[in-house]
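Trainee: Below is a structure I'd like to ask you about.
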Amino acid sequence: MGCHRSVAVQNEKGQADIDRLLEYYAEGRALRWVKRFDQPDFVFFNHRAHVTNGVNCESCHGNVGGMANVYPVYRLNMGFCLACHRQQASSKLQRLVECVTCHK
């Protein structure tokens, strides 16, 4: 459920959508998601590595909580990721820009 546990909705329709999501989750029913963000199969991406290191969702996805319909704000491509990785602390820098960090 991740972020959806704490979504603050702005209107009745939004609340109805969140209530339906919570219902599906409680019943163990699968959702058919419409992908808004996708990476090629040769890219390894793990949200956990980013979240546990203090990278907030807005850094890559924009203000999703304020969007009526989610849409990409940034082009999440290799250049975008490398630019961010290069801004990190120097002790992590080498590991963050090695090919195997994202390509498995």
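Trainee: Hey, Ile18 hits all of (1) within 26 Å of Arg95 (Cα to Cα); (2) surrounded by 13 or more Cβ atoms within 10 Å (Cβ to Cβ); (3) among the aliphatic types (A, V, I, L, M) but one; which does it fall short on?
Mentor: Against the list (1) within 26 Å of Arg95 (Cα to Cα); (2) surrounded by 13 or more Cβ atoms within 10 Å (Cβ to Cβ); (3) among the aliphatic types (A, V, I, L, M), Ile18 comes up short only on (1).
Trainee: Would you check if Val9 is in a loop (DSSP other than H, G, I, E, B), modelled with pLDDT under 80 and surrounded by 11 or more Cβ atoms within 10 Å (Cβ to Cβ)?
Mentor: Here the answer is yes, as Val9 does meet what is asked.
Trainee: Here is a list of conditions, (1) within 13 Å of the chain's Cα centre (by Cα); (2) surrounded by 10 or more Cβ atoms within 10 Å (Cβ to Cβ), and Lys35 meets all of them except one; can you say which number that is?
Mentor: (2)
Trainee: A further question follows. Of everything in the range 36-84, what is hydrophobic (A, V, I, L, M, F, W, C), part of a helix (DSSP H, G or I) and either in contact (Cβ under 8 Å) with a residue 60 or more places away in the chain or within 25 Å of Ile18 (Cβ to Cβ) (or both)? Give them in sequence order.
Mentor: Val51, Cys60, Val64, listed by residue number.
The values are calculated or read from the model by the stated rules, or taken from the named source; none is laboratory data. Here the structure is a predicted model, which is why all the values come from computation and not from measurement. All Cβ positions, glycine included, derive from the backbone under ideal geometry; neighbour counts span all protein chains shown.
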